[in-house]
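Engineer: There's a structure below that I have some questions on.
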Amino acid sequence: MITLGVTHLEAMRAHGERDYPYECCGLLIGRFLGTGCKAVSEIFPISNAREEAAKRNRFLIRPEELLQGERHAREKSLDVVGFYHSHPDAPAVPSPYDREHAWPTYSYVVVSLLKGTVQDVRSWELQRDRSRLNEEEILKGE
C-alpha cells in the first residue's frame, strides 16, 4: 500500500500531460512504514534521458539524476520509496520491460494517458522473487 497526497497525484498527472506524447518519469520520496506500506512526502520529477525515438514507450533516469534525488531525500531524512512514469496512449499497467527493470520493495506508479489526457493512475510492486508486479492500493492522503 502507498499513500499519495492529492497534490502528488496532481503533479504526476500534470507531468504526464506536459511531456505527452513522451513518457515522463520521476522519484517518489517519503518513508517506508513497515509491513510493505509507504508514505510519499514529495515527488521529484526527472527528465526522460531516452533518445528521442524511444521516449514514446521508454524512460531512462540517468544515474547522476537518481543520485541527486537520493541526496535530496537524505537531506530531509527521507528515502526514495519508488518511481513514477507515464504510459502515453497505453494502460496504467507495467510492460514486460517495466517488470524486467523493477526492483523489489519500491512502488512503481504508472500514469496512463490517452491523446494527452490522464485516464488512470495505478501503483505496482515487484514480488521478491521478481516473477511479477502486483498492484498495490493507493491511499489518497492530504
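Residue-wise test of (1) in contact with a Leu (Cβ under 7 Å, 6 or more places away or on another chain); (2) without any contact (Cβ under 8 Å) to a residue 24 or more places away in the chain; (3) farther than 15 Å from Gly16 by Cβ.
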site	(1), (2), (3)
Arg74	no, yes, yes
Tyr84	yes, no, no
Ala90	no, no, no
Pro96	no, yes, yes
Pro104	yes, no, yes
Asp120	no, no, no
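Engineer: Additional query: Yes or no: Tyr108 on the phi < 0 side of the Ramachandran plot and in contact (Cβ under 8 Å) with a residue 60 or more places away in the chain? Walk me through it before giving the result.
Structural biologist: Numbers: on the phi < 0 side of the Ramachandran plot: yes; in contact (Cβ under 8 Å) with a residue 60 or more places away in the chain: no.
Spelling it out, it is not the case that Tyr108 is on the phi < 0 side of the Ramachandran plot and in contact (Cβ under 8 Å) with a residue 60 or more places away in the chain.
Engineer: Of all residues being under 17 Å from Ala102 (Cα atoms) and either touching a residue at least 60 places away in the same chain (Cβ under 8 Å) or not aliphatic (A, V, I, L, M) (or both) in the stretch 54-69, which is most open to solvent (accessible area, probe 1.4 Å)? Just the residue, please.
Structural biologist: Arg62
Engineer: Can you find a residue that is β-branched (Val, Ile, Thr) and within 27 Å of Thr35 (Cβ to Cβ) anywhere in the stretch 112-120?
Structural biologist: Within the stretch 112-120, the first condition is being β-branched (Val, Ile, Thr), and the residues that meet it are 117-118.
Remaining after also requiring within 27 Å of Thr35 (Cβ to Cβ): none.
Looking for residues that are β-branched (Val, Ile, Thr) and within 27 Å of Thr35 (Cβ to Cβ), one finds none in the stretch 112-120, hence no.
The values are calculated or read from the model by the stated rules, or taken from the named source; none is laboratory data. These numbers were taken from a predicted model, which means no experiment stands behind them. Please note: Cβ atoms are built from the backbone with ideal geometry, for glycine as well, and neighbour counts cover all protein chains shown. Just so you know, the surface numbers come from the protein's heavy atoms only, side chains and all, with ligands and any DNA or RNA stripped out. Shrake-Rupley method; radii C 1.70, N 1.55, O 1.52, S 1.80 Å.
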